[in-house]
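One structure below.
The values are calculated or read from the model by the stated rules, or taken from the named source; none is laboratory data. Here the structure is a predicted model, which is why all the values come from computation and not from measurement. Note that each Cβ is placed from the backbone with ideal geometry, even for glycine, and that neighbours are counted across all protein chains shown. Just so you know, the surface numbers come from the protein's heavy atoms only, side chains and all, with ligands and any DNA or RNA stripped out. Shrake-Rupley method; radii C 1.70, N 1.55, O 1.52, S 1.80 Å.
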Amino acid sequence: QVQLVESGGGLVSAGDSLRLSCSASRHMQSMGWFRQVPGMEREFVAAIRWRDGTTEYADSVKGRFRISRDIAASTTYLQMNNLKYEDTATYFCGARASVFLSSVASEYEYWGQGTQVTVSS
């Protein structure tokens, strides 16, 4: 079992920045950030391969968000800059055993409880 705990969400204005953290009881081969609004599917945001830091991003966040990891702390971060109203969602951290990055939520074995990000326009 892997426990994931997200933190760092909040209420911000458009154009502001936030950094989300995902603390893991142990790291998995790849980690991902997804987001979800009520009534919608969980949407891929970014993923990172633990061993070499290779990353992948959704087109909607490229150039604004950055995923990173702290190996010693078993923590994954999502730096979100120039936030937009449409970034408002609950953000979830996921972990999977495969080294191959995935943008598909069902391919992640473990999830955190989520952290709310609200961007006012």
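Below is a table of values for the structure above.
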{"item": "Considering residues of region 7-36 that are more than 19 Å from ARG66 (Cβ to Cβ) and open to solvent by less than 60 Å² (accessible area, probe 1.4 Å) only, the residue farthest from the chain's Cα centre (by Cα)", "result": "SER13"}
{"item": "Candidate set from region 57-76 (those that are part of a strand (DSSP E or B) and either open to solvent by less than 40 Å² (accessible area, probe 1.4 Å) or free of Cβ contacts under 8 Å to residues at least 12 places away in the same chain (or both)); member that is farthest from GLY10 (Cα to Cα)", "result": "ASP70"}
{"item": "Counted residues, region 87-106 - those being hydrophobic (A, V, I, L, M, F, W, C) and in a strand (DSSP E or B)", "result": "4"}
{"item": "Hey, MET40 exposed (fewer than 14 other Cβ atoms within 10 Å of the Cβ) and of a type in the set (A, V, I, L, M, F, W, C) or not", "result": "yes"}
{"item": "Filter result (over 11 Å from TYR77 (Cβ atoms) and either part of a loop (DSSP other than H, G, I, E, B) or touching a Gly at 6+ places or on another chain (Cβ under 6 Å) (or both)) within region 6-33", "result": "GLY9, ALA14, GLY15, ASP16, SER17, SER25, ARG26, HIS27, MET28, GLN29, GLY32"}
{"item": "Where ARG26 falls short, out of the listed (1) at pLDDT 95 or above; (2) within 18 Å of LEU4 (Cβ to Cβ)", "result": "(1)"}
{"item": "Cβ-Cβ under 9 Å pairs, at least 6 apart or on other chains, region 1-14 side within 17 Å of ALA89 (Cβ to Cβ) and of a type in the set (Ser, Thr, Tyr), far side loosely packed, with under 13 Cβ neighbours inside 10 Å and modelled with pLDDT under 95", "result": "SER13/SER121"}
{"item": "Number of positions in region 79-121 that are free of Cβ contacts under 8 Å to residues at least 60 places away in the same chain and open to solvent by less than 20 Å² (accessible area, probe 1.4 Å)", "result": "2"}
{"item": "Where ALA47 falls short, out of the listed (1) out of contact with any Phe, Trp or Tyr (no Cβ under 7 Å at 6 or more places or on another chain); (2) part of a loop (DSSP other than H, G, I, E, B); (3) among the aliphatic types (A, V, I, L, M); (4) open to solvent by less than 20 Å² (accessible area, probe 1.4 Å)", "result": "(2)"}
